Amino acid sequence: MWEFSILLQSEHNEVAKFIYNSLKKYVEEVGGVITTFDQAGLIHIVIACSVEEKTRLYYYVKSYITEAICSYFKNEFLRKNLKVQLKNKVSIIAFEKALQYFDKETDRYLVEKYLTFDKNIYLESFFEFKLKILKSKWLELTKIANENSSYLLTEETFIELLKFLIDNLEISFDTVNIISELDGYQLLDENFKDIEMLTEKGDGVWLVENIIALSPRKINIYTDNSSEELNLINSIYSTRTNILPKENAKIVDKRFF
């Protein structure tokens, strides 16, 4: 029997949920067991499977720990260290998300390079003491942004920087369809099926951060009205967006009749 534990501080409950929920189906597929519990301010995620399935499961454990650090930990790091003053929440989130996903492949490489498995791993300790080179890389990124923050106060300069960052993100999704509704937005794939979101559905901020996370090749926006978030998406993804009347969505999906 192979057993492995991932430990996190209780303040990182969201990270723990992401890792647990992501790994659960893979552990069950190999007939293993996964459980989680809190003890003395620490969240424990405990995994067990047969030795024969260790290699297969090891791949997923490594992948989702890496993703947790490159997404959640990096986002937290940026929010603590960025000192850029932008005009509104949508712009702030867009900038943070673009920086979060910028050069992500190198981030993943550095995490995986130093990630080794024993009986357990304390995620915060691993991040603080084993990934100093990664933290230095992120600190340099925030330093450059902070030193040039005065230029970002100009709308045109800010959009150009965002476009540069976005254009350098790896494409990870083909086509997304945005349907503007009275109470928010629908974010659907090329077949008008629901897309699994990184965050729960909400306002325009939710839309912008998920579009940047998906990094699509093409964006169709079905709307009869403009909005701050749709204008921002159209500006930074200018060569990838199509603005279409909302009624056109009915032609391809009967849910909108």
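The values are calculated or read from the model by the stated rules, or taken from the named source; none is laboratory data. All figures in this text were calculated on a predicted structure; none of them were measured in a lab. Cβ: placed from backbone, ideal geometry, glycine included. Neighbour counts: every protein chain shown. Keep in mind that these areas ignore ligands, DNA and RNA; they rest on the heavy atoms of the full protein, side chains included. Shrake-Rupley method; radii C 1.70, N 1.55, O 1.52, S 1.80 Å.
Is there any pair with a first residue in the range 28-42 that is modelled with pLDDT under 95 and hydrophobic (A, V, I, L, M, F, W, C) and a second that is surrounded by fewer than 12 Cβ atoms within 10 Å (Cβ to Cβ) and not in a loop (DSSP other than H, G, I, E, B) whose Cβ atoms are under 9 Å apart and which are 6 or more apart or on different chains, and what are they?
Partner pairs satisfying both residue conditions: VAL30/GLU52.
Counting only residues that are over 17 Å from THR116 (Cα atoms) and under 16 Å from the mean Cα position of the chain (by Cα), give me the helices (runs of 4 or more DSSP H) lying completely in the range 7-92 with at least 3 of them. Spell out how you get there, then give the answer.
On the way: elements: 13-29, 54-68, 74-81.
Here the list reads 13-29, 74-81.
Could you tell me whether the range 171-178 includes any residue that is over 15 Å from ILE93 (Cα atoms), open to solvent by less than 70 Å² (accessible area, probe 1.4 Å) and out of contact with any helix residue (DSSP H, G or I) (no Cβ under 9 Å at 6 or more places or on another chain)?
Yes - at least one qualifying residue is present in the range 171-178.
So GLN85 passes all but one of these: (1) crowded, with 19+ Cβ neighbours inside 10 Å; (2) touching a Ser or Thr at 6+ places or on another chain (Cβ under 9 Å); (3) more than 19 Å from ASP107 (Cβ to Cβ). Which condition number does it fail?
Going through (1) crowded, with 19+ Cβ neighbours inside 10 Å; (2) touching a Ser or Thr at 6+ places or on another chain (Cβ under 9 Å); (3) more than 19 Å from ASP107 (Cβ to Cβ) one by one, GLN85 breaks only (1).
Of all residues in the range 93-110, which are part of a helix (DSSP H, G or I) and either in contact with a Phe, Trp or Tyr (Cβ under 9 Å, 6 or more places away or on another chain) or closer than 19 Å to LYS143 by Cα (or both)?
So the first thing to find is which residues in the range 93-110 are part of a helix (DSSP H, G or I), and the list is 93-101, 104-110.
Answer for the range 93-110, where residues must be part of a helix (DSSP H, G or I) and either in contact with a Phe, Trp or Tyr (Cβ under 9 Å, 6 or more places away or on another chain) or closer than 19 Å to LYS143 by Cα (or both): ILE93, ALA94, PHE95, GLU96, LYS97, ALA98, LEU99, GLN100, TYR101, LYS104, THR106, ASP107.
With the requirement that a residue be loosely packed, with under 12 Cβ neighbours inside 10 Å and basic (Lys, Arg), what does the range 90-131 give you?
LYS119 - this is the single residue of the range 90-131 that is loosely packed, with under 12 Cβ neighbours inside 10 Å and basic (Lys, Arg).
Could you tell me whether the range 87-94 includes any residue that is modelled with pLDDT of 95 or more and among the polar types (S, T, N, Q)?
no
Can you say whether ILE121 is part of a strand (DSSP E or B), among the β-branched types (Val, Ile, Thr) and over 22 Å from the mean Cα position of the chain (by Cα), as far as the supplied structure shows?
The answer is yes for ILE121.
Of all residues in the range 1-54, count the ones that are open to solvent by 30 Å² or more (accessible area, probe 1.4 Å) and touching a Lys or Arg at 6+ places or on another chain (Cβ under 6 Å).
Final tally of qualifying residues: 0.
Out of all the residues in the range 179-193, which are open to solvent by 10 Å² or more (accessible area, probe 1.4 Å) and touching a residue at least 60 places away in the same chain (Cβ under 8 Å)?
Within the range 179-193, SER180, PHE192 qualify.
If I go through the range 224-242 residue by residue, how many of them are touching a residue at least 24 places away in the same chain (Cβ under 8 Å) and open to solvent by 20 Å² or more (accessible area, probe 1.4 Å)?
9
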